[in-house]
Amino acid sequence: MKQQTNGRILDSYAYGNTHYDEVFKETKEPKEHYQSIVERFNQLSLSDFERINNEVKTAFFNQGITFAVYSDDKKPDERIFPFDLFPRIIPNDEWMKLETGVIQRNKAINLFLDDIYHKKLILKDKVVPADLIFSSKNYLKEMVDFTPQGGIYTHVSGTDLIKHIDGEYYILEDNLRCPSGVSYVLSNRMALKKSLFELFDKLKTKTVYQYPEQLLEILKTVKPKNVDIPTVVVVTPGMYNSAYFEHSFLAQKMGVPLVEGRDLFVEKDFVYMKTMYGPKKVDVIYRRVDDEFIDPLVFRKDSMLGVPGLMNAYRAGNVTLANAPGTGVADDKAVYHYVPDIIKYYLNEEPILNNVKTYHCEKESEMKYVLENIANLVVKPVDESGGYGITIGTTLTNDQIEEVKIRIKSNPRKYIAQPIMSLSVHATFIEETKEFEPRHIDLRTFCLMGKNTEYILKGGLTRVALKRGNLIVNSSQGGGSKDTWVLD
Amino acid sequence: MLSRVANNLYWMGRYIERADHLARYSKANYFSSLDAPIVKTYDRSFVLESMLYMAGIFDMEEINERDVLFRIGTDTQNSNSIISNITFARENARGARNAISTDLWEAINTYYHLVNNYPQETYLTTGLYDFNQMILDQTSIVSGKIYGTLLHDEEWAIILIGMHIERAIQIIRIINSKLHDIYKIEQAGHPIAEMSFEWSNLLRCVESFDTHRKFYHNIPNREEVLEFLMLNQNCPRSISYSLKGIRRYEEKISQNENSNSNAISFKIRKLSEQYKYLSFDEFKDDIYGLLNNTQAKIIEIADELEKKYLSF
C-alpha cells in the first residue's frame, strides 16, 4: 500500500491515462463538476471513510439487498452487491443528449416491433434482412398480427451505454425483456444520502425517487379496455430468483401485489389471483418472468413459473403483459447493428447516440474480417446475457483464438464482434488496497413507455468492474455499482 | 391479499413467537438452576432434560450441556432450534416482503443476521445469557414494528392471529413441561413447601413473575400460578388472554361474517368464553386433561383457519 500524503484520501489516486477518466484531468486536478465532491472526500480520513463504508455494507445486508450463492452442502451464502460510495456525476447538458437519444432509440424500436409483427415493411424494404428476424428464436409467431394495448411493446427498457476514450457515449446494448437493476439505483441513492449526506449540499442532483410511481402510472395507461381502475401486479419467478429483491422492492414501492405464477389462474380468458377471500381479477401484469416460461400451454411445457392460458387471455385483450412477449427479437445483438437504420427508417431522424461498430459473422465478408482480427475484437454470442460467452481478443492466447475461430465457423449466425471499446474509468474505492483506483464503468439507463407517454429515470445504474483491468461490469462477474447523479 | 402471502405472514408470526418462548424457557431455567434450593434432585442434567422436553427433542442418547445447547440454539439441522425458527420467520417475511413495511422487514432481516452471525463458540461457552436475551430483545423490536408500522387491517390480523395461536400453544407446552418437572421433584420426596421455587420458575419461563407478584402479593403456589397463567384475562401471557387475542383478530379477518355459518368463529368464541368463566376448582383435579383438550382445540382451529384463508 502506498503512503497516504497528508491523509487526503484521493491524493494517491493514479490517473488512468490510458482511458477516459471521468473524474480527473491529466493534470490530476478534478474536473469542474467533480471539484466539490473531491474536496469533500479529501476532508475525510481513511478511517472515517472505512467506517462509513462498513456501515453502508451492514445497512445493505440488513435491508436484504443481497443475492444468494448456492452451494451443495451448506446454507446459501448471502452477499451484497458491492456499492461504491464515490458517485458518478453527469453534467446536465451531457445528460440531456443521452436522454433524448435513449428516448429516440426506444421509440424507434417500439415501431420496429409493431412493424415486424404486422406489416413487415422494413423487411420488405430490405433495410433489415428478413432472415435475421424470422430465424430468431425470440420472434414469437403468437404475437403476429396482435396489437398490445396502446401499441406499446417495450414498457420498460434498459439501454446500456459506455463512454469511449474520445469522450463520446456509445450504445452497448438494448435490454428489452426484463431489464433489472433499477432497485439498486434507488437503494444506492438512499444509502449515499444516509452515509455521506453532506455531499448533497455540495451539488444538486436530480431525484430518482419517482421511478416506482412512474412505472405504476405507465402500467395503468395500458390497462385493458372496459377496465376502470386496473388491478396491477408484479409477477416474479419466486424468492430464489437472483432478482427477487428487485421484484419485491418494486411491488412494495408501487403498493401492488407481488405474485408468482402459482398464485394466478385463467378462467374463460380472464386472469385471476388467489386471495384470502377468493379469486380477484388481474388486469395489468408487470412480469419479470421470461417469455418462454410465462405460459406452459404455449411455450415451455415444463415451466413451473407460468400460468396456463395466459397467452390466450392476453390475446383476448383481457390482460396486459409488460413487457409484451416477443420483444427479445429486437435486443438480439445481431439486430443491434441495424438500430441506427431502424431509427432513420421510422423517425426520419439521424440517431442521436452512436452505435459501436458491429461485425456480423453471418455476413461472409464481415466474418472474414473477424476471423483475421480476433485478437483486437470482442466476440459475443448474440443470444446470451449476463456477460457469458464473451471473449476479449487482447486477453486470449493463440490456442484460445483458434478455439474461438472454430466456434464462430460452426455457427456464424450466433456471433458478432466489435472493436474493443475503451470504457471510461472512474475513481473507485478498492478495499484490498484501501485506495481509490481507476475502474471501468458503464451506464444502464431506464426508459418507460406507456400509451402516449414516456419517462426516463434521470441517471441510471452505473456499474463498475471492480477487478483491475476488467471490462465486464455485470454483477454476476464481480461488478459493483455507484450512485449516479445528473446535475440539476 | 394473496392467500400464499397470508400464509407467509401467519407463519412468520408463529415462528417469531415460537423462538421467543424457546429462548426464554432456556434462559429462565438454566440460570435459575444455578443456585436452586433443591440441589440434590436439581442437578444440571435435570435442567437440560427439561429444556430438551420443551424443545421437543427426544432423540439424544447422552445428555451433555454443549450438545443440548447446540441442538436447541444454533443447530441448523434441527428444525425446532431457535436459529431454524428465525430462519423460517425470515424466509416467510421475504416471501411476503411487499406486503409488510420496510421497517418491519429490516427488523426481521437484521434479527436473522444477528442470530446467524452469532459466534457459535461464544454461545456454547460464555454467551448463553446474551444470546437468549438477544432473541427476546429482537422479538420486542419486531413486535413493536408489527404494531407500529403496519396498517391494522386483515393482513396485520393474520400475523397477530399466528402469534396468539403460537403463544397459546407454547404456554400450554411450558406449563406441561414444568408440571412434568414438578412431578419428578415430588416423586423424589421433596416437601411441597420447597416447590415455590419451581412455581416461580414457571412464571419466569413466560415472563410473568413480576406481574404475578403484583397481582397476588404472595409467594407463588400451585393454585395461584396456574390460575394466573391459564385464566387471567389481563396477563398478556396467559392462555385466556391468548384466546381473547385469537378471537379479536379472527373477527377482523372474517370481517364479522355471521358466526352461525362460520364454524371457525363459533369455535373460537366458545373456547375463549369457556376460559373466561372457568375457575381453578373446576379443573384442579385434571389439569393435564384441560391443557391437552385446549391444545387440541387450538390446533383444530388453526388447521381450519389455514384451510379457509391460507391455502387457496
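Just so you know, all these numbers are worked out from the coordinates, no wet-lab data involved. From a predicted model like this one, the values you see are computed outputs, not experimental measurements. Backbone-built Cβ (ideal geometry, glycine too); neighbour counts: all protein chains shown.
Observations
- Overall, the protein assembly as shown carries a charge dipole of about 1360 debye about its Cα centre when +1 sits on the Cβ of Lys and Arg and -1 on the Cβ of Asp and Glu, all other atoms neutral.
- In this structure, the amide hydrogen of A:Asp295, modeled 1.01 Å from its nitrogen in the peptide plane, lies closer than 5 angstrom to those of A:Arg300, A:Val307, counting only residues at least 5 positions away or on a different chain.
- Shielding by partners, peptide A:243-251 (average Cβ within 10 angstrom, other chains): 2
- Chain B: calculated mean residue ellipticity at 222 nm from DSSP helix runs of at least 4, using -39500 (n - 2.57): -23500 deg cm²/dmol
- Note on A:Lys281: aspartates and glutamates with a C-alpha under 17 Å away, same-chain residues under 8 apart excluded, are A:Asp228, A:Glu260, A:Asp263, A:Glu267, A:Asp269.
- Qualifying GluC sites (Glu not before Pro) in the range A:419-468, where qualification requires a DSSP coil assignment and no more than 14 other C-beta atoms within 10 Å, comprise A:Glu431, A:Glu432.
- Per DSSP, loop chymotrypsin sites (Phe, Trp or Tyr not before Pro) in the range B:21-125 with at most 10 further Cβ within 10 Å: B:Phe58
- Residues whose amide H falls under 5 Å from that of A:Arg287, counting only those 5 or more places apart or on a different chain, are A:Val235, A:Ala322, A:Asn323, with hydrogens built in the peptide plane.
- As a calculated quantity, the FRET efficiency between A:Ser195 and A:Leu347 at R0 = 35 Å, using C-beta atoms, amounts to about 0.25.
- Bins of 10 Å, starting at 0 and running to the largest distance - Cα pair percent for the range A:339-488: 10, 29, 33, 22, 6, 0
- Lys, Arg +1 and Asp, Glu -1 on Cβ, resulting dipole of the range A:225-318 about Cα centre, debye, nearest 20: 180
- Each Lys and Arg contributes +1 and each Asp and Glu -1, all at the Cβ; summed about the Cα centre of chain B, the dipole is approximately 720 debye.
- Lys/Arg +1, Asp/Glu -1 at C-beta; the range A:225-318 dipole; positive extreme among A:Gly238, A:Met311, A:Asn226: A:Asn226
- With the simple spin-label model, which puts each label point 7 Å out from Cα in the Cβ direction, the A:Lys31 to A:Glu372 separation comes to 3.7 nm.
- Taken over the range B:3-310, the alpha-carbon convex hull comes to 133 cubic angstrom per residue.
- Fully extended contour minus Cα-Cα distance, from B:Asp153 to B:Ser79, at 0.36 nm per residue: 23.5 nm
- In this label model, A:Thr397 and B:Phe31 are separated by 6.3 nm, measuring between points 7 Å along each Cα→Cβ vector.
- Extension gain, B:Arg66 back to B:Gln233 (0.36 nm per residue minus Cα-Cα distance, nm): 56.2 nm
- Centre-to-centre separation between the Cα atoms of the range A:273-300 and those of the range B:1-59: 42 Å.
- For the peptide A:220-230, the mean number of other protein chain Cβ atoms found within 10 angstrom of a residue's Cβ is 0.
- By average C-beta atoms within 10 angstrom, highest first, the peptides A:57-64, A:158-165, A:405-412: A:158-165, A:57-64, A:405-412
- Projected onto their three principal axes, the Cα atoms of the protein assembly as shown cover extents of 100, 71, 51 Å, largest first.
- The range A:225-318: translational diffusion in µm²/s, Stokes-Einstein, Kirkwood Rh over Cα pairs, 20 °C, 1.002 mPa s: 159
- Distance violations [Cα-Cα > 19 Å] among A:Lys119/A:Lys357; A:Lys31/A:Lys194; A:Lys141/A:Lys414; A:Lys120/A:Lys141; A:Lys363/A:Lys414; A:Lys204/A:Lys482: A:Lys119/A:Lys357; A:Lys31/A:Lys194; A:Lys141/A:Lys414
- Site pair B:His180 and A:Lys206 shows an inter-label distance of 6.6 nm when each label is modelled 7 Å from Cα along Cα→Cβ.
- Ellipticity at 222 nm from helices only: DSSP H runs of n ≥ 4 in chain A, each -39500 (n - 2.57), divided by the residue count, give -8500 deg cm²/dmol.
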